[in-house]
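Participant: Below you'll find the structure I mean.
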Amino acid sequence: MWAAKRQTGDYNRRENSLLWFFFVAVLLLAIGCLAGYFWSGHFSGEIQPAIEQLKNIALNIRQNQSVISTLITIFWHNLLAVVFMILLGVFAGIFPAITIWLNGLLMGFVVHMVVTQSHVPAWKVIVYALLPHGIFEVPALLLGSALGIQLGFAAIHSVFRSVMGLFRPGGAASQTRLQGNGPSFRLEFRRAVRWFPVLVGLLIIAATIESAVTPLLIHLSGIAG
């Protein structure tokens, strides 16, 4: 019974820690959005590669002119972004943290660019061009970033635990005690795997809306001119 209570407590702590890392990802995204919108000129170097990538995706979509092809292209692009955020998070969580910030930076920059070129209010761009698919896509990106950051945190703790265990009396027993005081890399990786179908589902819905609904809303709202 004590073991069951301990496992339940460990599970709750892991879930709470994921929630905190999710908030960190939200903060990074928000900072990126504000920076991209209000200070877009200062981050042109950081944004340019992403802009070029978006141009290539848009060109591929225009060449195919198929909703299904557009859906697959968008979904695959976002899926790779989430997978890389999770897997490369093992390197101290740096990659997913930077990636979610860059996504925010790109979102803010695009909104600013559309507002400037089309002379429409920012709320209109957000409501019609970003929100329909963003309510599914953004949570998926945030969750992928949070899982990657936490995986990096667990990796750091695992390395620290192993190093400290070498210098503590008791050897393996000492490492076992240290393991109980922090996140387990294996458990965090398993959790990321369990969340992966949810991420895929969110990205499929987002890509479907972005390819079939968002272009229609943009046209009807007059954003595209």
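The values are calculated or read from the model by the stated rules, or taken from the named source; none is laboratory data. Note that this is a predicted model, so its numbers are computed, not measured. Cβ coordinates were reconstructed from backbone atoms using ideal geometry, including for glycine residues, and neighbour counts include every protein chain displayed.
Participant: Of the conditions (1) at pLDDT below 85; (2) within 13 Å of the chain's Cα centre (by Cα), Leu141 clears all except one; give me its number.
Facilitator: (1)
Participant: Residue by residue through region 169-225, note down the ones that are modelled with pLDDT under 80, under 20 Å from Val90 (Cα atoms) and of a type in the set (A, V, I, L, M).
Facilitator: If the condition is that a residue be modelled with pLDDT under 80, under 20 Å from Val90 (Cα atoms) and of a type in the set (A, V, I, L, M), then Leu178 is the only one that fits.
Participant: Give me the pairs: first residue in region 191-216 and closer than 19 Å to Ala146 by Cβ, second residue of a type in the set (Lys, Arg) and modelled with pLDDT under 95, beta-carbon distance under 7 Å, and six or more apart or on different chains, which are they?
Facilitator: Listed by first residue and then by second, the contacts come to Arg191/Arg14.
Participant: When region 194-225 is examined, which residues are found to be among the small types (Gly, Ala, Ser), surrounded by fewer than 19 Cβ atoms within 10 Å (Cβ to Cβ) and in contact with a Phe, Trp or Tyr (Cβ under 8 Å, 6 or more places away or on another chain)?
Facilitator: Within region 194-225, Ser221 is the sole residue that qualifies.
Participant: Considering only residues that are touching a Ser or Thr at 6+ places or on another chain (Cβ under 6 Å) and surrounded by fewer than 20 Cβ atoms within 10 Å (Cβ to Cβ), look in region 66-86 and name the one that is modelled with the highest pLDDT.
Facilitator: Leu71
Participant: Of the conditions (1) within 20 Å of Ala129 (Cα to Cα); (2) of a type outside the set (Val, Ile, Thr); (3) at pLDDT below 75, Ala50 satisfies every one except a single condition; which number is it?
Facilitator: (3)
Participant: With the condition being free of Cβ contacts under 8 Å to residues at least 40 places away in the same chain and under 21 Å from the mean Cα position of the chain (by Cα), I'd like the helices (runs of 4 or more DSSP H) fully within region 18-128 carrying at least 1 qualifying residues.
Facilitator: Answer list for region 18-128: 44-64, 67-87, 94-118.
Participant: Can you say whether Leu166 is at pLDDT 90 or above and part of a helix (DSSP H, G or I), as far as the supplied structure shows?
Facilitator: Answer is no for this residue.
Participant: Checking Phe95 against (1) crowded, with 20+ Cβ neighbours inside 10 Å; (2) under 24 Å from Ile205 (Cβ atoms), which test does it fail?
Facilitator: Every listed condition holds for Phe95 apart from (2).
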